[in-house]
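The values are calculated or read from the model by the stated rules, or taken from the named source; none is laboratory data. It should be emphasised that the depicted structure is a prediction, and the values quoted were computed from it without experimental measurement. Glycine also receives a Cβ, built like all others from the backbone with ideal geometry; neighbour counts cover every protein chain displayed. These area figures cover heavy atoms from the full protein model, side chains too; ligands, DNA and RNA do not enter into them. Shrake-Rupley method; radii C 1.70, N 1.55, O 1.52, S 1.80 Å.
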Amino acid sequence: MIGSMLEEFQRMNKRQFFYQVLSFGMIVSSALMIWKGLMVVTGSESPIVVVLSGSMEPAFHRGDLLFLTNPTDEPVRVGEIVVFKIEGRDIPIVHRVLKVHEKENGTTKFLTKGDNNRVDDRGLYAPGQLWLTPDDVVGRAKGFLPYVGMVTIMMNEYPKLKYAVLACLGLYVLIHRE
């Protein structure tokens, strides 16, 4: 199987190879432009996220794909579902706002909790941090597609699956090439 792929690759002349590389580059750059455009339109550094745990059930399930916006001019409200990042953690968290404290000087602090969790999120925050601020928010959930993100979860939990998918795509391209 791999031998036949290598033979096909060796049969390509330079022009065909350059065309394949250029096509791949255009696909990647188009995807990046779409992502950057979504970032500008939504005001969020990550306009799409996947729910990774069951902490928000029954509202959202593991694998749901969330669409985010981050309007900085609108205050955070109780009951709103936010995606936030904690200092020292790479993966953002999707939880509901439980309490909001607005001070007279205009600063806002809030507390979050997963719908399916027994306690608030203070145990998840950075050491010494008791409240989140609007700067911690990556975005606010505005819509979702159920279970669409399971592909991402599967590929992260089973890294060999990535290679299997890439191999299948490579075979498909070789078989259906003009």
Which residues, counting only those in region 107-122, are of a type in the set (A, V, I, L, M, F, W, C) and open to solvent by less than 40 Å² (accessible area, probe 1.4 Å)?
-> Phe110, Leu111
If Phe144 satisfies every condition in (1) in contact (Cβ under 8 Å) with a residue 40 or more places away in the chain; (2) under 24 Å from His61 (Cβ atoms); (3) touching a Ser or Thr at 6+ places or on another chain (Cβ under 9 Å); (4) outside any loop (DSSP other than H, G, I, E, B) but one, which is the exception?
-> (3)
Among the listed residues Gly88, Gly54, Gly63, Gly79, which satisfies the condition of being more than 25 Å from Asn156 (Cβ to Cβ) and not assigned by the TED database to the domain that holds Met155?
-> Gly79
Residue ranges of strands (runs of 3 or more DSSP E) in region 1-113 with at least 1 members over 28 Å from Tyr172 (Cα atoms) and aromatic (Phe, Trp, Tyr) | 65-69, 81-84, 108-113
Which residues, taken from region 123-178, are within 15 Å of the chain's Cα centre (by Cα), open to solvent by 80 Å² or more (accessible area, probe 1.4 Å) and modelled with pLDDT of 90 or more?
-> Lys142, Phe144, Tyr147
Please work out if Thr107 is assigned by the TED database to the domain that holds Glu57 and touching an Asp or Glu at 6+ places or on another chain (Cβ under 6 Å).
-> no
Give the residues of region 8-23 that are open to solvent by less than 100 Å² (accessible area, probe 1.4 Å) and at pLDDT 70 or above, sorted by residue number.
-> Asn13, Gln16, Phe17, Gln20, Val21, Leu22, Ser23
Do we have any residue at all in region 25-42 that's modelled with pLDDT under 95, more than 16 Å from the chain's Cα centre (by Cα), surrounded by 13 or more Cβ atoms within 10 Å (Cβ to Cβ) and not charged (D, E, K, R)?
-> no
Does His95 fit the bill of being modelled with pLDDT of 95 or more and either closer than 18 Å to Leu68 by Cα or in the same structural domain as Asp73 (by the TED database) (or both)?
-> yes
Please find, among Glu87, Glu104, Glu80, Glu74, the residue that is over 30 Å from Gln20 (Cβ atoms), charged (D, E, K, R), modelled with pLDDT under 95 and surrounded by 10 or more Cβ atoms within 10 Å (Cβ to Cβ).
-> Glu74
